[in-house]
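To start, the structure under review is shown below, and the notes come after it.
What follows is calculated from the coordinates using simple rules that are stated; it is not laboratory data. If you're wondering where the values come from, they're calculated on a predicted model, not measured in any experiment. Ideal geometry is used to build each Cβ from the backbone, glycine not excepted, and the neighbour counts take in all protein chains shown.
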Amino acid sequence: MMSAPMSAVDADRGGAPVSHRPLGILAALPQELGDLLEAMRAEAGVRTITHGQRDYHLGTVHGAPCVVTLARVGKVAAAATVSALIHAFDVEAIVFTGVAGGVGAEVRVGDIVVADALLQHDLDASPLFPRFEVPLLGVSHFSADAALAGQLAAACERFVAEEGAASAARFGTREPRVHRGLIISGDQFVASAEGVRALRDALPNALAVEMEGAAIAQVCHEYGVPCAVVRTISDTADDHAPASFVSFLTEIAGTYSNAILTRFLQARGSRV
Ligand code: SAH
């Protein structure tokens, strides 16, 4: 049993006044982190703390202090992990990076969606509460932090401008487009034409579906911690989703994640 990770973090700073709280960076699956841990190791070394059956990696990327971890899949896993990032590692803000199913009509495999808001599509305590509303919290749509989401979207736009055409040619996708809007989350891998149609009918503004983002956004809302979510589209949540998801995750997700996070963290590091 670990003692108190906070004190370990402080000890690392040699007792000096804490000037910069770290950024929490998380994904569900290792492929979604790309080479981030290698980049941290190469820069200033990584210290790993195991807590609640997860490994939290502490270090810097482009000079910006970060705690990087894997949540695993689903809303509970995501909520538990983000709670630890907030309470045990005192993160200043949270960024989630990963893949998702495209739901919006214009959202294709290889596109990127940055959340402005997130909602739990499988939460339904009606008729006691409106469908999708978190009971006793009175909220269904959780906002991403506008500044953080803007920085992430800017990093995505730079990636598309600099490498979009080459990436499309390399992966056989269309040139990536960056979308901003609603991401919906639930404890289901959506993989049927009927399933994705039902989501579109219920939530016409939804751009992408995944399994963690809105849980993270709820916890961050409750604790007043800024958060942002970026998702690369691995599939279109229809009958082809399982095959499309697996090949995208294996072959492409890491490249996108590297490209986006590098640009985002470079810009952030230059402000530190
Ligand atoms: N054990 C599987 C788990 C994948 S679940 C594996 O490792 O292969 C799918 C993951 O990708 C979740 O983390 C979810 O957030 C995201 N995702 C991608 N496409 C999705 C879709 N169509 N529906 C729901 N989640 C999706």
Under the rule rounded for a/c under 1.5, else prolate if a/b exceeds b/c, else oblate, using alpha carbon gyration tensor axes a ≥ b ≥ c, the chain is classed as oblate
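In percent, what relative contact order does segment 122-272 have, based on Cα pairs under 8 Å that are 6 or more apart in sequence?
On the way: 160 pairs, mean separation 38.8, N = 151.
Relative CO of segment 122-272 lands at 26 percent.
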Spelling it out for residue 134: with amide H atoms placed in the peptide plane at 1.01 Å from N, the residues 5 or more places away or on another chain with amide H under 5 Å from its amide H are 139, 140
Output ordering of 47-53, 262-268 (per-residue mean of other Cβ within 10 Å, highest first) is 262-268, 47-53
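Counting pairs of alpha carbon atoms under 8 Å apart in space and at least six apart in sequence, what relative contact order in percent does the chain give?
27 percent
May I ask you to list, by number, the DSSP H helices of the chain whose Cα span along the axis is at least 20 Å and whose average Kyte-Doolittle hydropathy reaches 0.5 or more?
146-171
Compute the convex hull volume of the Cα atoms of segment 124-272, divide it by the residue count, and report the result per residue in Å³ as a whole number.
Values: hull volume 17.9 nm³, N = 149.
Looking at segment 124-272, the number lands at 120 Å³ per residue.
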Cys in the chain lacking any partner Cβ under 4.7 Å -> 66, 156
